[in-house]
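**Student:** Please see the structure below; I have some questions.
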Amino acid sequence: MTDGPGLRAGELPDDLNSAEVGMWQAFRNGSMYDLRAGDPLLDDPHGGHPWGPERTVRARIVCWLLLDGPPALDGRVSSLKLTGVQIVGPLDLAGGTVEPYLEMKGCRFEKEILLPESRFTTVRLVDCAIPRLEAARLHTEGDLHLPRSRFHHGVRLTDAQIGTDLLLNQTVIHRDRRDNSLVGDGMTVGQDLQAEMMESYGELSLRGAKVGVSLSLRGSRLTNPYGRRALNAPQLTVERTVYLTPAGVGDPVLTSGRTPAHGTRMQRFECEGGIRLDDGRFGDAVDFEQARLILRDDQEVSLRRVQVPELRFLGRRPQYGRIVLNGARVVTLVDQASSWPGAGQLQMGGFQYEYLVPRGPFPLERRLQWVAAATPEYNPEPYERLATVLRSSGEDEGAREVLLAKQRHRRENLPVATKLWGYVQDWTVAYGYRPGRAAVWMTVLWATASLAFAHADHPPLKHGEHPPWNPSLFALDLLLPVIDLGHVGFWQLHGGWQWLSAVVVLLGWVLATTVAAGATRTLRRT
């Protein structure tokens, strides 16, 4: 049995320094190798204090241990556990299969870590300073933990397969040369992807990624001043919930998925840049509760064609940019009036939802403003969807108000003549949605005409061939088209009374036509 190339069991390579000798022995023993000085300032891997040769090992020796290390001591399991160690040179494990358990805490890497096409059981790099992690098509049977670590030139996990959890809590990731912070396109995570309290400077890309349970960005801060999007995740699949919500500052790991204790200081999810979740599939919900969205005029939160049982849009209203829900399909929309932007900043073409659950006051007037904001150019679909949802909830009066608002919006884009006819329909019977108004107008007009004709001079056309004069029946006979009550055609009116009778006939036809149009619309809705 050998410990490595040309080594017998128990022998050490000749060129190891003192720190590497201790690491070699700790590997065989499966114990933690701790080189911390005991001073928090000196031991901070992200600080500026230099670490001397007594805390430095070569990346080549680390690779030797992981790929072809010595056997474990009797009764032990070999593993590499380092704390407070500086690794110099690139840690290159590309294409390798690493069987020992790997855990590094508070370590400092001089060069990038290269893990493309490699295979691990579990990898834990906790609170480490790393120039860059290159791990495309990485495969782990267990977890990939990178909490509290800082990556100065990005992380690449394209097409990686993480067996259980990917942990990025409190991780800080700066952009690479292409302005990306973390690239996880096509990545598969077996269980949770937790990136709570994370700081991302550049584009966080998860295009086509799949998460087996939940994706949590609680309390994270994403910013990308170099491009349009801070989170770019079209065709993302999450079996349960996406959390873009606050996290407890004290201990985000313990508050994950739970309601923080009363009095816990919270940090909101904040995104400075666009968000793209187009064509995403989410099993439970997408939650924007208290999210702070900072957009430029050319940026947007895009949820085009997403499918999700519940969308909780409960964040702060963005001052600029757009919210796009075109083609999205949601069962329950949980929202609040203060979260939606104004006119021109909201698009809802083809947006389908079945239930509305407002959080706080959301009167119908504000809901109509919400629809109007999404349709600066007339589009009947958002109005009809809202009316359908209200009617299915038993709010028939609200549904009629929405459809009336639809007709009024439509009227503004019509030619002048048609627009005037629309005003007549609105004033008289409210486009058929308030048919009782027609009876009021008819009654008022009849009473007014009756009083007027009571003072009219009305000589008969033929003596002895006329009914007794009745101004009320005469006015009603003029007012009702088609129906003949037998009081018109027997009297001769002169001057202004002739003009008045003509006006009453004309108004009668207008009212009757409007009532008929409204009744037809009502029957069509029924």
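**Student:** What's the ranking of 392-405, 311-324, 356-369 by average number of surrounding C-beta atoms within 10 Å, highest first? Let's see the in-between values first.
**Tutor:** Details: 392-405: 17.4, 311-324: 19.5, 356-369: 14.4.
Going from most to least packed, we get 311-324, 392-405, 356-369.
**Student:** What accessible area, in Å² to the nearest ten, does a 1.4 Å probe give for His455?
**Tutor:** 150 Å²
**Student:** Just reorder Thr158, Thr443, Thr375 by solvent-accessible area, largest first, 1.4 Å probe, all chains present.
**Tutor:** Descending order: Thr443, Thr158, Thr375.
**Student:** How about the stretch 111-183: which GluC sites (Glu not before Pro) there lie in a loop by DSSP and see at most 16 other Cβ atoms within 10 Å? Walk me through the intermediate numbers first.
**Tutor:** On the way: sites: Glu112, Glu117, Glu134, Glu141; in loops: Glu112, Glu117, Glu141.
When the GluC sites (Glu not before Pro) of the stretch 111-183 are filtered for loop state and at most 16 Cβ neighbours within 10 Å, Glu117, Glu141 remain.
**Student:** Length gain on complete extension for the stretch Ala72 to Asn470, per 0.36 nm per residue less the alpha carbon to alpha carbon distance?
**Tutor:** That works out to 131.5 nm of additional length.
**Student:** Separate question: For the residue pair Thr443 and Leu42, what label-to-label distance in nm results when each label sits 7 Å from Cα along the Cα-to-beta-carbon direction?
**Tutor:** In this crude spin-label approximation the distance works out to 9.5 nm.
**Student:** Further question: Estimate the FRET efficiency between Val88 and Asp14 by the formula 1/(1 + (r/R0)^6), using the beta-carbon distance for r and 30 Å for R0, to the nearest 0.05. Please list the in-between numbers first.
**Tutor:** Working: r = 19 Å, r/R0 = 0.64.
E(calc), rounded to 0.05, equals 0.95.
**Student:** Please list, in chain and number order, the residues 5+ apart from Tyr320 or on another chain whose amide H is under 5 Å from its amide H, with Hs placed from the backbone.
**Tutor:** Here the answer is Leu295, since their amide H atoms fall under 5 Å of that of Tyr320.
**Student:** Determine, for each peptide in 237-243, 271-277, the mean count of other beta carbons within 10 angstrom over its residues, then list the peptides with the highest first. Let's see the in-between values first.
**Tutor:** Values: 237-243: 21.4, 271-277: 24.1.
Descending mean neighbour count gives 271-277, 237-243.
**Student:** Could you give me the ³J(HN,Hα) list for the stretch 314-322, computed from phi with Karplus coefficients 6.51, -1.76, 1.60 and θ = phi - 60°, whole Hz, x at Gly and Pro?
**Tutor:** Values, residue by residue: 10, x, 6, 5, x, 6, 10, x, 9 Hz.
**Student:** Just grab the label-to-label distance for Ser31 and Asn326, each label 7 Å out from Cα along the Cβ direction, in nm (one decimal).
**Tutor:** According to this spin-label approximation, the distance is 6.5 nm.
**Student:** Sticking with this structure for a sec: Leaving out ligands and nucleic acids, and using a 1.4 Å probe, what accessible area per residue does the stretch 256-358 come to in Å²?
**Tutor:** Per-residue value: 44 Å².
**Student:** For q = 0.09, 0.11, 0.15 Å⁻¹, what log10 I(q)/I(0) does the stretch 22-159 give under the Debye formula with an equal point scatterer on each alpha carbon and no solvent?
**Tutor:** Normalising to I(0) and taking log10 leaves -0.24, -0.36, -0.69.
**Student:** Roughly speaking, what is the stretch gain from Glu395 to Gln498, that is 0.36 nm per residue apart minus the C-alpha to C-alpha distance, in nm to one decimal?
**Tutor:** Here the segment from Glu395 to Gln498 would lengthen by 32.3 nm.
**Student:** Take each of the peptides 50-58, 470-478, 149-157, average the number of other beta-carbon atoms within 10 Å over its residues, and list them starting from the highest.
**Tutor:** The most tightly packed comes first, giving 149-157, 470-478, 50-58.
**Student:** Each residue of the stretch 266-275 in turn: what ³J(HN,Hα) in whole Hz from Karplus with 6.51, -1.76, 1.60 and θ = phi - 60°, glycine and Pro shown as x?
**Tutor:** Result, ordered by residue: 10, 10, 6, 5, 10, 10, 9, x, x, 10 Hz.
**Student:** While we're here: Work out from phi, with θ = phi - 60° and the Karplus expression 6.51 cos²θ - 1.76 cosθ + 1.60, the ³J(HN,Hα) of each residue of the stretch 338-352, listed in order in whole Hz, and give x for Gly and Pro.
**Tutor:** Taking θ as phi minus 60°, the curve returns 6, 8, 8, x, x, 4, x, 10, 9, 10, 9, x, x, 6, 10 Hz for the stretch 338-352.
**Student:** Between the stretch 118-180 and the stretch 264-291, what's the alpha-carbon centroid distance in Å?
**Tutor:** Using only Cα atoms to place each centre, the spacing works out to 21 Å.
The values are calculated or read from the model by the stated rules, or taken from the named source; none is laboratory data. Note that the coordinates shown come from a computational prediction; the quantities given were computed from them, not determined experimentally. Neighbour counts are summed over all protein chains in view; Cβ atoms, including those assigned to glycine, are modelled from backbone coordinates with ideal geometry. For accessibility, only protein heavy atoms count, side chains too; no ligands or nucleic acids. Shrake-Rupley method; radii C 1.70, N 1.55, O 1.52, S 1.80 Å.
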